[in-house]
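**Q** Got a structure for you, written out below as structure tokens; questions coming shortly.
The values are calculated or read from the model by the stated rules, or taken from the named source; none is laboratory data. Model, not experiment: these values are computed from the prediction. Note that each Cβ is placed from the backbone with ideal geometry, even for glycine, and that neighbours are counted across all protein chains shown.
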Ligand SMILES: NC(=O)c1ccc[n+]([C@@H]2O[C@H](COP(=O)([O-])OP(=O)(O)OC[C@H]3O[C@@H](n4cnc5c(N)ncnc54)[C@H](O)[C@@H]3O)[C@@H](O)[C@H]2O)c1
């Protein structure tokens, strides 16, 4: 029997411990975490206990772990963006194959350096572009490859980041400031730029981009809003970013479940919103209902080590970054950006990213000479429709979503793990190899440069030319 791969984890945070950790525990035939590198003692101990890692294989950081030489078959690198470069170079040079979280790095030169080091060392370096592994996007690729849409003329792809996800990650959280993070168009949308590259099979030849930080600035704060939501904010009933509603009452998650395709899930979601006490009582009796009434998952589990405790969550809001007024943070990344691309074939594409969506999800439209493909891939709904231009019926396909799938990203998180194992066992070429992922990073970093350079026509000047 093939032995499970022995994995060293860099970073036992949300992705490492809460996403890849559980995958390993439920697929012991595929891989086993035999060592962990994590500076936070609580996270390190918790991960080590869950995976039965002995003390001599618990390290306080990737730096100590690589000093021990090659102790595992491969590394999964789930550290934060700004730690990716040095840790990945060190892992590759120690002789490890690596599965690296996206984005590969926070600058283009570091990204290129990582890819070149993988080439020079001859190691496998895969990037967690998890969306390529979902049934939904695999189907899009399949429809495109079938030729059913005819010649592709234009792709309009949108990454509609939900209002609370924007506030959590890009205003209050880890990806809010360019001094620690890649630009949002790279951090959030290297996935989407990667999909556009994968769909078209072409490297874009021209790119332009516009966007800015419009909303999350002090001038837009509600009158009288204090620095923290928990300090008696007068706008607590109306402000969408009121932190206790998001983290303490888990409102956005319940609202997403209330829109699920699955009628049972939808009914439970609606009950938690309309009759919270009744739902709570039901949750005490029915464990699956309790996963929603006593929700402990993302984003709640990223703000405290005790997501099962309302007291701990409230304390995190009173003292930590996630309780800050969303208009008074040290954020400087955009909250909306548009990228336009033209390909050598003559096809064009637009990527629209914004952080003010009522629900989390991507929407997609591909117009070809023979048919139009429409799609929605959100937390609670995932469907595709092919509308032929000539006679013929509309085809509709539906898929599992984040809400009704145990694996995050609509099955993509499990998919990338399975693919990494298969790549290391030589069973499959890696679908999201770093050399391939480089294209999306080049597009993202270049889009940011284009946005900052504001290379666009100033309409005022055109009007002035006509004396207007
Ligand atoms: N593939 C996806 O769709 C997806 C989704 C979300 C996040 N991400 C990416 O995953 C990565 C991790 O995100 P997260 O939300 O889990 O972050 P996190 O902050 O929860 O986890 C990072 C962990 O790295 C640890 N760390 C810090 N210094 C270290 C060191 N020297 N050695 C080892 N560990 C160290 C931190 O203590 C922390 O526990 C980020 O790059 C993020 O952009 C990818």
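**Q** Looking at (1) within 16 Å of the ligand (Cβ to nearest atom); (2) buried (at least 21 other Cβ atoms within 10 Å of the Cβ), which one does residue 58 not meet, given that it meets all the others?
**A** Condition (2) is where residue 58 drops out.
**Q** Please tell me if residue 63 is free of Cβ contacts under 8 Å to residues at least 60 places away in the same chain, within 10 Å of the ligand (Cβ to nearest atom), assigned to a helix (DSSP H, G or I) and more than 23 Å from the chain's Cα centre (by Cα).
**A** Yes; evaluated as a whole, the condition is true for this residue.
**Q** Within the bounds of the range 223-246, is there any residue that is assigned by TED's automatic domain parsing to the domain that holds residue 296, under 19 Å from the mean Cα position of the chain (by Cα), in a helix (DSSP H, G or I) and at pLDDT 95 or above?
**A** Yes, because at least one residue in the range 223-246 is assigned by TED's automatic domain parsing to the domain that holds residue 296, under 19 Å from the mean Cα position of the chain (by Cα), in a helix (DSSP H, G or I) and at pLDDT 95 or above.
**Q** What's the total number of residues in the range 414-437 that are within 15 Å of residue 195 (Cβ to Cβ) and either part of a helix (DSSP H, G or I) or without any contact (Cβ under 8 Å) to a residue 40 or more places away in the chain (or both)?
**A** The qualifying residues number 4.
Residues are listed down the side, and each one gets a yes or a no for (1) touching a strand residue (DSSP E or B) at 6+ places or on another chain (Cβ under 9 Å); (2) within 16 Å of residue 420 (Cα to Cα); (3) surrounded by fewer than 19 Cβ atoms within 10 Å (Cβ to Cβ):
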| position | (1), (2), (3) |
| --- | --- |
| 2 | no, yes, yes |
| 11 | yes, no, no |
| 20 | yes, yes, no |
| 29 | no, yes, yes |
| 76 | yes, yes, no |
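**Q** Could you list, in sequence order, the residues of the range 39-55 that are exposed (fewer than 14 other Cβ atoms within 10 Å of the Cβ), within 14 Å of the ligand (Cβ to nearest atom) and more than 25 Å from the chain's Cα centre (by Cα)?
**A** If the condition is that a residue be exposed (fewer than 14 other Cβ atoms within 10 Å of the Cβ), within 14 Å of the ligand (Cβ to nearest atom) and more than 25 Å from the chain's Cα centre (by Cα), then 41 is the only one that fits.
**Q** Follow-up. For the range 84-98, how many residues are near the ligand (Cβ under 10 Å from one of its atoms) and touching a strand residue (DSSP E or B) at 6+ places or on another chain (Cβ under 9 Å)?
**A** 2
Conditions (1) assigned to a strand (DSSP E or B); (2) more than 29 Å from residue 319 (Cβ to Cβ); (3) within 16 Å of the ligand (Cβ to nearest atom), marked per residue:
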site: 105; (1), (2), (3): no, yes, yes
site: 109; (1), (2), (3): no, yes, no
site: 120; (1), (2), (3): no, yes, no
site: 123; (1), (2), (3): no, yes, no
site: 153; (1), (2), (3): yes, yes, no
site: 175; (1), (2), (3): no, no, yes
site: 179; (1), (2), (3): no, no, yes
site: 182; (1), (2), (3): no, no, yes
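**Q** Only one of (1) more than 24 Å from residue 93 (Cβ to Cβ); (2) within 16 Å of the ligand (Cβ to nearest atom) fails for residue 71. Which number is that?
**A** With (1) more than 24 Å from residue 93 (Cβ to Cβ); (2) within 16 Å of the ligand (Cβ to nearest atom) applied to residue 71, the lone miss is (1).
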